[in-house]
1. Taking the range 16-31 only, how many residues are among the acidic types (D, E) and under 21 Å from K146 (Cα atoms)?
2. Do you know which residues across the range 114-142 are among the acidic types (D, E) and either out of contact with any Ser or Thr (no Cβ under 9 Å at 6 or more places or on another chain) or part of a loop (DSSP other than H, G, I, E, B) (or both)?
3. Considering only the range 160-182, state which residues are at pLDDT 90 or above and exposed (fewer than 13 other Cβ atoms within 10 Å of the Cβ).
4. Could you tell me which numbered condition G124 fails, if it satisfies all but one of (1) in contact with a strand residue (DSSP E or B) (Cβ under 6 Å, 6 or more places away or on another chain); (2) closer than 17 Å to I39 by Cβ?
Amino acid sequence: LRGRATRGYIGVDLDDRELVWMKDTWRIEAEGMESEAEIYKHLADRGDESVVQRTMTLEVAREYPELYWSHVSDKEKEKCGDAIPLESQVHHRLVFKKIGVDLSEFRSTRELCQAVRDAVYVLGEAVKKADILHRDVSGGNILIDKDGRGFLGDFEFSVRLSVEGARRFGRTGTWRFMSIKLLQNPLSHKHTLADDLESILYV
């Protein structure tokens, strides 16, 4: 069995004496595919504080390549054939300064609407200021912080708009929230901001 095995944990920043959120996952290693940490760095360089989450990163595989790099051999690919493409994966950890609760835990209609509105703002600002398209908008990726404001997480499958062509096999996104065009034309329709905004409707 192969998968990203994503897990999340609450931790403590001993320097700032604050709670943090750690995301532990096996990210996909594909040509031209930036890591989530690299995407956040680009957003930080081009975006503003309301869009960017402050993060710290550890690429575990770079420190211990023999243990934390899942490489797919030519022999494995040959056994599976073209019908089941296998991808190499890298053990990846991110630590976020901001902690949020699931959107479903909203405390009022006002807070729910505000959180969704904030997520829409982030989608637009990421495209306008950083040329980044999220591509995986879902109910699980919109979170609410302690002040009742929403923020968008999980930029793992986002892409720069300047990138041409597919970086990996298959369609990116959570199918229950994907736009109709993406579902009807999975191989030919190019993901756009309009598709992400349509996903907001299904949240």
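1. Selection size over the range 16-31: 2.
2. Across the range 114-142, the qualifying residues are D131, D136.
3. R176, I180
4. Unmet condition: (1).
The values are calculated or read from the model by the stated rules, or taken from the named source; none is laboratory data. Given the structure is predicted, the values throughout are model-derived calculations rather than measurements. Positions of Cβ are generated from backbone atoms using ideal geometry, with glycine treated the same way; all protein chains shown enter the neighbour counts.
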